[in-house]
Protein chains: 4
Amino acid sequence: MLIVMHHSATPADVQGVCDVITALGFEPRPMPGEQRTAIGVVGNDGPIDRARFHGLPGVLDAIPVSAPYKQVSLEWQAERTVITLGNGVQIGGEALVVMGGPCSVESEEQIMAAAAYVARAGGTLLRGGAFKPRTSPYAFQGLGEAGLKLMAEARRRYGLAIITEALDPQGAELVAEYADVIQIGARNMQNYTLLKTVGRLGRPVMLKRGMAATIKEWLLAAEYVLDAGNPDVMLCERGIRSFDDATRNVMDVGAIALAKTLTHLPVIADPSHATGRRELVTPVGLSAIAAGADGLIVETHPEPTKALSDGAQALLPDQFAGLMSKVEGIAGTLGRPLARLG
Amino acid sequence: MLIVMHHSATPADVQGVCDVITALGFEPRPMPGEQRTAIGVVGNDGPIDRARFHGLPGVLDAIPVSAPYKQVSLEWQAERTVITLGNGVQIGGEALVVMGGPCSVESEEQIMAAAAYVARAGGTLLRGGAFKPRTSPYAFQGLGEAGLKLMAEARRRYGLAIITEALDPQGAELVAEYADVIQIGARNMQNYTLLKTVGRLGRPVMLKRGMAATIKEWLLAAEYVLDAGNPDVMLCERGIRSFDDATRNVMDVGAIALAKTLTHLPVIADPSHATGRRELVTPVGLSAIAAGADGLIVETHPEPTKALSDGAQALLPDQFAGLMSKVEGIAGTLGRPLARLG
Amino acid sequence: MLIVMHHSATPADVQGVCDVITALGFEPRPMPGEQRTAIGVVGNDGPIDRARFHGLPGVLDAIPVSAPYKQVSLEWQAERTVITLGNGVQIGGEALVVMGGPCSVESEEQIMAAAAYVARAGGTLLRGGAFKPRTSPYAFQGLGEAGLKLMAEARRRYGLAIITEALDPQGAELVAEYADVIQIGARNMQNYTLLKTVGRLGRPVMLKRGMAATIKEWLLAAEYVLDAGNPDVMLCERGIRSFDDATRNVMDVGAIALAKTLTHLPVIADPSHATGRRELVTPVGLSAIAAGADGLIVETHPEPTKALSDGAQALLPDQFAGLMSKVEGIAGTLGRPLARLG
Amino acid sequence: MLIVMHHSATPADVQGVCDVITALGFEPRPMPGEQRTAIGVVGNDGPIDRARFHGLPGVLDAIPVSAPYKQVSLEWQAERTVITLGNGVQIGGEALVVMGGPCSVESEEQIMAAAAYVARAGGTLLRGGAFKPRTSPYAFQGLGEAGLKLMAEARRRYGLAIITEALDPQGAELVAEYADVIQIGARNMQNYTLLKTVGRLGRPVMLKRGMAATIKEWLLAAEYVLDAGNPDVMLCERGIRSFDDATRNVMDVGAIALAKTLTHLPVIADPSHATGRRELVTPVGLSAIAAGADGLIVETHPEPTKALSDGAQALLPDQFAGLMSKVEGIAGTLGRPLARLG
């Protein structure tokens, strides 16, 4: 933390700030300059609330210097986190993973069809929502536990690991009984009760970035899960909200590249929600891989025009296969193989 | 819903879209133009997922026409919602309410001191967090139920109604035992399990707008609460996130004015979180009143520099009194009195 | 400038940064901490490009400390700028000004009608575009010099000062011959050639904030005009672009309040462009006054449904009169009168 | 244009809207529904100002249906624009181009060194600013015509085509005498006088997207240049402004992919300004290629730590060579070669 004093701050103002720093148990380091004085805060191990200084007499600004997160940081753990799933597939290693499947589990026929062609095309995880967070209370909300059972059956038949979303603590416990990876959605990125719950459940977690969350907030949300005892967290960039509604969201490829320099956690990208339009999913998915993502999660549906939710962004089966082969091509030029089922 | 066809769409494409509309149980109304055909969807009572059309051959765009919310809409209920609290104060009527108090309940001494001067200055509700959603897992998380008991005691002594935040379903049930109004924070605006829970608890709810939520999404979130059986919902604009970090958020006064034309629910404004800086709270609070807000929720602390959270945005006691008198002045020119304790 | 070193930076890295600072003519002040070292830069009178440090070995971040603007700053000039126009009206003093008129000058009949009722209702400046920046090349682009002549004739008849926009250097010279205030539009906020030109023309300038400009960039743009020799600059907040298209833009009332604490220049607000909807102009205009704006610029048209541009946001004549009387009320409670024609 | 009527609109309201449509020379198509009536506008060849309808009695919304741009649209010209430069290099064809060079031309030694290694590494255009738009008036503003002469000399020696920015109409005429491509910067995307000028100059133009410009506005800005007679326009995505300052901007890869479906103009990407950090330039540049960009413009400097502007985002010479070889790899998997000097 650096406290920047106003041009006209008095020595008493400077002393007042130093006293507050000392009272907090840290050490003040005043740094008088030609135009103004700045005061460093030394000795703090964790973050300090900048608000403690903002209103003091003579204070112009309080600037955080240390990153507020810790366990997720590459500064503190240099070795990259690699998460091994039940089917042996690893996330965060050299090999890239592709997770495919429908937005929602709708029926046995639908999910088995999806699992079959996802596995055949080289996918290693099956996605599919059983509990759906819907903006409108009148929209389809998912099949619930019946959907989880269908996912588990698909896993049994096709060997794919399964990933599905939990919306609340009770749901998370249920999801943990069935799924290989618990997904926390963008709307719940700062649902701290849920984060602490999945931190205790001992299942790998995929944490989606909130649609207007900074990278720092995203990493701090992951820190909640690690701090509750679960080191198996992967991040998922799914597009941020912008001023332009031409696409549903904006895939923040710079955030993917930057996150890889800040944290040891794997970073997955979701081009389906980032674009909201089927014809953009493949180019934007490839762009995420080129930016350094460790994998993709992609919506695909056997018959998108009959989908109960988000059909417009679901790839057709042959489009999914086409994506897989292009991902493999791009990955190859980056020296990374594609993860495969054993 | 209006389906806009591509310039080069064929008659078969148009027919295909009409068939999907018919299959969904609605009536298609093709509208051929000079440049392209558009197809209206008639007969839908609720929203249709535009995604159902986005990927069909020849479709350029699918544009929602009806508002997707209903029970919250001023189109469907012309009479404004007025919420009567335990201490007789009404929210949403002619009189404006001001809720004041600290970010967090920290001690008996602190909350009683705050309640005393908030009541004396003309406030009618006491705010104070017992469960705090904190971006970092290492920040102060609140006193929990002990904080609720202190709030209830302050109510007993000073006659103020009390408002406090619930973070999850269990917490909401606890909060409902103590508080007059349950606050849902911005980070939880789309925590649907929580919304459904407070929809069943029979306590008035204040729903903060998510930091990147559209007005439509905010109203749909409120619709969840009404749809679960609770009509006593007030909205709270607390600033949206922008590209400029000069202030913590941007108070969207246009959203306040617009919401008053779209919904019968009361609209409260939170200038403390909208600005994050004490010196801006009063002018921005007044601006929200001028834009048509039904009240304010304001952070104030007996000794802000000792606050455990958000001290920089807390008004000093005499600043809070100054705000009250200015609010009364502005309200007067708009023909609105200030709500008072009985 | 504060240079924050990486946790693992070596003493040689720190020395390297110090050497660069010295080479730039400044003085390095290393500040070793428990976790990392930070290095202050002392002696810089103006801004330093943080980019000079970002790529050096061991550097984590470079944080600007001083504000990069100077002549516009309240830190450096404590006395507020008051601009006196040809008709004696002052902007930036105690009295609030209201500028009214159509988006575009369309005809003699239209502009005289507007001027008549604007003056009658208590407005002191007439606005009206002769050169229009239009998003589409196919939209109405304004009457040009003929429009300026009509504005000047309206000034002669009704005593209003006139304000109109210049789009480019040549246009600015022409506008300066006719207008009392030259308006620089949001799209041109960083058109530096234009800023330097109006800096030399000796006419008061109203500088609109760019739709995604930070407050710092806005003040720096004003600094260009002052630095070119023209101290008579007023800022204009006209709404920033957000993720929600429910309103055209978002009036940033916090920026108005904050700007008044950062600069001595007057701050005007434009509720017409901030909202884009007639029914929101009055509440949002009042909110800007409540936040501390020194005046408003408002679109009003004798017959908005016949307007050649932006008719939806133009107040009807009687709505403009209603706005004036409400502005006067709000201003009164803040202790500020309304400027009047002599 | 579709006019959506309010739920409670009367037949007279509907008729009123139809009359306005007829008066504008178009044909109204009322479409009564269960909940409300919508009215289509048929026969308009260009855009209609939605503002004409927004304030009419009974009107809820006016929704544009046709795209407002035309000459840039792939709907109206199916053949992609390929621009051939003086050195024979083509932009917009199968082959990808890479433009490299420093932010600013600083000296003969610097620009020749840059040109030499850019050409050696496989670049085909040399970038370098002679006129710099700087946020602060106190920052380095470029060498002016002397810089242009140095660029021309570098072209003569190394065979690279040259691209440089014009800030205003006079500057554009000067730039056109020297450069192969005139760059219009993000801040000037809606500087219409400048757009019309470069539309008349007969030189290829690269139009950067404004930092908060929608794709529609960007295409409309390009339409200004085409409409003024210059078909040789390439677009450049350089990152949009977001709420997170962790990177300078956000490369909108979805906009690149979408633009390729909307327009026949080539699309270039600028990963240097999109990220602002050297270590992110390569991954984000590759991501833009994977998303479908026709080329990159990249800042590189022989000695970035001595750069007079933007040094932090400039690649070192060997990093530029590394980028080139990775671009070639990614391009190869997409079936596209790299453009080469003849």
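Read-outs throughout are calculated quantities, based only on the coordinates presented, and are distinct from any laboratory measurement. Just so it is clear, the structure is predicted and the values come from calculations on it, not from any experiment. We place every Cβ from the backbone using ideal geometry, glycine too, and count neighbours over all the protein chains shown.
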*Non-local amide H neighbours of residue D:299 (under 5 Å, H modeled in plane, Pro and chain starts lacking H): which ones?*
D:272, D:315
_region C:1-158 - convex hull of alpha carbons, volume per residue in Å³_ = 213
*For chain D, set up a Gaussian network in which alpha carbons nearer than 10 Å are linked by springs, and say which option among D:152, D:139, D:116 fluctuates the most.*
D:139
_For chain B, what does the helix formula give at 222 nm: sum of -39500 (n - 2.57) over DSSP H segments with n ≥ 4, over the residue count, nearest 500 deg cm²/dmol?_
-11000 deg cm²/dmol
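Provide the net charge surrounding residue D:98, with neighbours chosen by a C-beta distance below 14 Å and charges set as Lys +1, Arg +1, Asp -1, Glu -1.
So the surrounding residues net to +1.
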*How high is the relative contact order of region B:83-333, in percent, counting Cα pairs under 8 Å that sit 6 or more residues apart?*
19
_At 7 Å along Cα-to-Cβ for each site, give me the label-to-label distance between residue B:156 and residue B:80 in nm._
3.6
*asked:* Eigenvalues of the Cα gyration tensor times 5, then square-rooted: what semi-axes does that give for the protein assembly as shown, in whole angstrom, largest first?
replied: 40, 40, 37
*Sorted by Cβ density within 10 Å, fewest first, the residues C:301, B:6*: B:6, C:301
*Going by how many other beta carbons lie within 10 Å of each one, how would you line up A:180, A:19, fewest first?*
A:19, A:180
_Separation between Cα centres of region A:64-128 and region C:131-189, rounded to whole Å_ = 58
_Based on DSSP loop calls and a cut-off of at most 16 other Cβ atoms within 10 Å, the longest stretch of chain C free of exposed GluC sites (Glu not before Pro) is what?_
C:95-342
*Between region C:322-337 and region D:272-342, what's the alpha-carbon centroid distance in Å?*
57
*How far is the Cα center of region C:248-267 from the Cα center of region A:15-32, in Å?*
32
_Please compute the length gained on full extension between residue A:87 and residue A:145, using 0.36 nm multiplied by the number of residues separating them and subtracting their Cα-Cα distance._
18.7 nm
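With a sphere of radius 12 Å drawn around the Cβ of residue B:274, what net charge do the other residues whose Cβ falls strictly inside it have (Lys, Arg +1; Asp, Glu -1)?
+1
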*asked:* Just to check I understand the Karplus step: with θ = phi - 60° and J = 6.51 cos²θ - 1.76 cosθ + 1.60, what whole-Hz values come out for region C:192-206, glycine and proline as x?
replied: 5, 4, 5, 4, 5, 5, 5, x, 9, 8, x, 10, x, 10, 10
*asked:* Please give me, ordered by residue number, the trypsin sites (Lys or Arg not before Pro) of region C:68-135 that lie in loop per DSSP and have at most 15 other Cβ atoms within 10 Å.
replied: C:80
*What do the square roots of 5 times the Cα gyration tensor eigenvalues come to for region A:77-155, in whole Å, largest first, as semi-axes of the equivalent ellipsoid?*
27, 17, 11
*Where nothing but the Cβ of Lys and Arg (+1) and of Asp and Glu (-1) is charged, how large is the charge dipole of chain A around its Cα centre, in debye to the nearest 20?*
420
*Give the calculated FRET efficiency between residue C:177 and residue A:173 to the nearest 0.05, with a Förster radius of 56 Å applied to their Cβ-Cβ distance.*
0.15
*Once you put a point 7 Å from the Cα of residue C:10 and another 7 Å from the Cα of residue B:228, both along the Cβ direction, what distance in nm separates them?*
5.9
*For region C:83-333, what is the Kirkwood hydrodynamic radius in Å, using each pair of distinct C-alpha atoms?*
17.6
*Distance in nm between label sites at residue A:318 and residue B:325, each 7 Å beyond Cα in the beta-carbon direction?*
7.8
_Listed residues C:105, C:59, C:97, most fluctuating in chain C (Gaussian network, C-alpha, under 10 Å)_ = C:59
*Quick one: among D:23, D:274, D:154, which has the greatest mean-square fluctuation in a GNM of chain D with alpha-carbon springs under 10 angstrom?*
D:23
*Would you kindly derive the ³J(HN,Hα) couplings of region C:145-161 from the backbone phi angles with the Karplus curve 6.51 cos²θ - 1.76 cosθ + 1.60 (θ = phi - 60°), listing them in order in whole Hz, with x for Gly and Pro?*
4, 4, x, 4, 4, 5, 4, 5, 5, 5, 4, 4, 6, 10, x, 6, 6
